[in-house]
Amino acid sequence: MQTTTVNEKNIGKVVELVYEEKQEFYDELFGKNALKYIKEAFEYDIPPFIKKNCIVLEDQKGVRAVLLYATKAEFRHGYQRWFSVLGLKIIPVGAKMIYIIERILMDFSIDDLYVVSLAGEFKEQLLYRFIKSSRYKKIIVDTLNPDLYERFSFGEEKPIHAKLKRFSKFCDYHTLTGIGWDTHPLVQGRKLILGGVQIDSQLGLHGHSDADVLCHALIDSLLGVTLKKDIGAVFPENDENKGRSSLEMLELVVQTVNKSGFFPSSADCVIISPIKLKDYREKISNRLENVLGCPVSIKFKTGNGVYPESEMKGITAMCVTNVDKV
């Protein structure tokens, strides 16, 4: 997934997500035309709906998450343009809106940043990227649904509106390191899958799932340091997981730990294999980076006649993963 800005192709979906996140609040503020007013505000860059301050997370399926923010200076300038959007007949509504925005500015330091909206299926990933790259001292947010912010260790503050709860957090995070290891025997009649990539080989790995040792090692490196579990606790050997794609399992683990405020920042992997794999390095790395959302390095070793892998008995993978806790 890539971050981008608001443009002609995605503005409709962006506005929809921004509106839906605080629908009850915006309906009270703007009435039945709330969605229309928010879209016009984006089109004319009326604060706080400023296009350059809207980060959009997209993939091949389209817009997956949106984060809209504003600084104190941006809150204070350009509000006269609201009247050209709202019209003179509903000046009281415009005045009411300005009154509420002024209340939002209470206890708002010049070094702080206000998140106007955070919405979408992958909002946790977008918030993590934003916090990690932010130069601001503290993030402030008003929300109808506090669940995400509580999971990300935001602290609750005095609310500024009856319908909204206010939360804040300093822009900090710390890094943890997890290690994972797995090995499977090589057998006839099985596909060889490593890092979600099928390898051209007459031998494959035996196991309950597709036996992808690289994905299994990565899963253990993530689960141990975040949820204090291992792969067997999350994916037991039952009918549901029989023959299951390990890359799919890894994707589910990443989504799960993301929701708890943990995000992989790098992964370093070693594969001990009697089968030559160097031609697959880039493809495997790219496949795993798309799932983990971070750089993945892979090294291949033969065992030099010392380890059992050298005798075509199996393949082993070891991974060290750095994980940022927001």
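Rounded if a/c is under 1.5, else prolate if a/b is larger than b/c, else oblate: which is region 175-228, with a ≥ b ≥ c the root eigenvalues of its Cα gyration tensor? Let's see the in-between values first.
Values: a/c = 3.47, a/b = 2.59, b/c = 1.34.
It is prolate, given that a/c is not under 1.5 and a/b is the larger ratio.
Counting only DSSP beta bridges with both residues in the chain, tell me the antiparallel percent, nearest 5. Each step should come with its number before you reach the end.
Details: 52 of 62 bridges.
Roughly 85 percent of the beta bridges in the chain run antiparallel, per DSSP.
Rolling a 1.4 angstrom probe over the protein heavy atoms, how many square angstrom per residue are accessible across region 175-326? Intermediate values should be presented prior to the final figure.
On the way: 7280 Å² over 152 residues.
So region 175-326 comes to 48 Å² accessible per residue, rounded to a whole number.
According to the square roots a ≥ b ≥ c of the eigenvalues of the Cα gyration tensor, what is the shape class of region 144-267, taking rounded for a/c under 1.5, prolate for a/b larger than b/c otherwise, and oblate for the remainder? Don't jump to the answer; show the numbers that get you there.
Values: a/c = 3.55, a/b = 2.73, b/c = 1.30.
Taking the square roots of the gyration eigenvalues as a ≥ b ≥ c, region 144-267 is prolate.
On the protein heavy atoms, probe 1.4 angstrom, tell me the percent of accessible surface of the chain carried by carbon and sulfur.
Details: 8130 of 15990 Å².
Of the solvent-accessible surface of the chain, carbon and sulfur hold 51 percent.
Cβ neighbours within 10 Å, averaged per peptide: list 315-326, 39-50 in order, most packed at the top. Numbers along the way, then the final one.
On the way: 315-326: 22.0, 39-50: 18.9.
Per-residue mean Cβ counts within 10 Å order the peptides as 315-326, 39-50.
Explain nothing, just the number: relative contact order of the chain, from Cα pairs under 8 Å at least 6 residues apart, as a whole percent. Please report the intermediate quantities before stating the final value.
Numbers: 630 pairs, mean separation 48.9, N = 326.
After rounding, I find 15 percent.
In deg cm²/dmol, rounded to 500, what helix-only [θ] at 222 nm does the chain give when every DSSP H run of at least 4 residues adds -39500 (n - 2.57) and the total is split over its residues? Walk me through the intermediate numbers first.
Working: 12 runs with 113 residues, N = 326.
So the helix-based figure for the chain works out to -10000 deg cm²/dmol.
With every protein chain left in place and a probe of 1.4 Å, what is the accessible surface of LYS52, to the nearest 10 Å²?
Solvent-accessible area, nearest 10 Å²: 140 Å².
Only Lys, Arg, Asp and Glu count, each charged at its Cβ (+1, +1, -1, -1), so figure out the dipole size of region 239-296 about its Cα centre, rounded to 20 debye. The partial results should precede the final answer.
On the way: 8 positive and 8 negative charges, 35 e Å.
The calculation lands at about 160 debye.
Could you work out the local net charge near VAL320, counting Lys and Arg as +1, Asp and Glu as -1, over the other residues with Cβ closer than 14 Å to its Cβ?
Working: positive: LYS299; negative: ASP182, ASP220, ASP268.
Computed value for this residue: -2.
The values are calculated or read from the model by the stated rules, or taken from the named source; none is laboratory data. What you are looking at is a predicted structure, and each value in this text was computed from that prediction instead of being measured. Backbone-built Cβ (ideal geometry, glycine too); neighbour counts: all protein chains shown. Each accessible area value is taken on the protein alone, full model and side chains, heavy atoms only, with ligands, DNA and RNA left out. Shrake-Rupley method; radii C 1.70, N 1.55, O 1.52, S 1.80 Å.
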